[in-house]
Structures are given as C-alpha cells and as structure tokens.
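Just so you know, all these numbers are worked out from the coordinates, no wet-lab data involved. Note that the structure is a prediction, hence the values are computed from the model and not measured. Positions of Cβ are generated from backbone atoms using ideal geometry, with glycine treated the same way; all protein chains shown enter the neighbour counts.
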Amino acid sequence: MPRIVYIGSEDRREIDAEEGQSVMRAAILNGVDGIVGECGGQAMCATCHVFVERVEGELPEIGEDEDEMLDCTADPRRENSRLGCQLSAGEDFAELEVRLPSSQV
Ligand code: FES
C-alpha cells in the first residue's frame, strides 16, 4: 500500500493511502491539518501546496495549470513545491514525504 508522510511544524503523520488517491484527498480523509483542498482537486486553489522532501517513485512533470497555481501559493514557491491534488498514490509514487508550508499549519 502506498505511504504518505506529512510533516507539519509540530507533528508527523504517516498514512497508508488507497491506490490512486491524491496526496490532498488522503490528507483530508485522515484529518491531516494544513491541507484544505478548496477546489476539490482541480488545480485551482493552491490550498494543497506541499514541499516534496523525499519520493520513492517518479512524480509526473508539473502541468501547465499546476505551474500557474504554484505561483499563487500562500507560502512562496520552492524548487520542490507541488500541488498535493496532482500527485496520485501508487501511480506516481510508492512512498512520498511532504512538508506542509508553515502558513497552512
Ligand atoms: S485542491 Fe485545489 S489546487 Fe489542489
């Protein structure tokens, strides 16, 4: 089962995600603070912004919509910034560790 590790300012949560579940959806279903997913995963809100710390697998290229939204994040974009709604457990990674931006936690 794919695993996602969420690192907040004061805690760390490890979630076994369903195959095909996005990093955003798995966070919401498991009550991880700091990911809102306001637009429901349409790459239109950036409230699922995460910093990828470690990946086991190969993440997809950043798409055009994601790229535009990453320029509108509450915390400044970094080289390892991604939208959690655009990363699917199992399909894109076997294990992923993400840090939550400080403005979201
Ligand atoms: S949930 Fe809105 S951009 Fe990811």
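How large is Rg over Rh for the chain, taking Rg from the Cα atoms and Rh as the Kirkwood inverse mean of 1/r across Cα pairs?
0.91
Evaluate E = 1/(1 + (r/R0)^6) for Glu91 and Asp33, where r is the Cβ-Cβ distance and R0 equals 30 Å; express this FRET efficiency to the nearest 0.05.
Calculated transfer efficiency: 0.75.
Using modelled amide H (1.01 Å from N, peptide plane; none on Pro or chain starts), what sits under 5 Å from the amide H of His49, excluding residues fewer than 5 places away?
Long-range HN contacts for His49: Gly84.
Assuming 0.36 nm per residue, please report the length gained on full extension of the stretch Met44 to Glu64 beyond their Cα-Cα distance.
Extra length available between Met44 and Glu64 comes to 6.0 nm.
Obtain the radius of gyration and the Kirkwood radius of segment 1-60 from its C-alpha atoms and give Rg over Rh.
Here Rg/Rh amounts to 0.93.
Arg78 to Asp16: FRET efficiency via 1/(1 + (r/R0)^6), r the Cβ-Cβ distance, R0 25 Å, to the nearest 0.05?
Once the sixth-power term is evaluated, E becomes 0.40.
Report relative contact order for the chain in percent, whole number only (criteria: Cα-Cα under 8 Å, sequence separation at least 6).
41 percent
As a test of the formula, what do you get for the chain when each DSSP H run with n ≥ 4 contributes -39,500 (n - 2.57) and the sum is divided by the residue count, at 222 nm and rounded to the nearest 500 deg cm²/dmol?
That calculation yields -3500 deg cm²/dmol at 222 nm.
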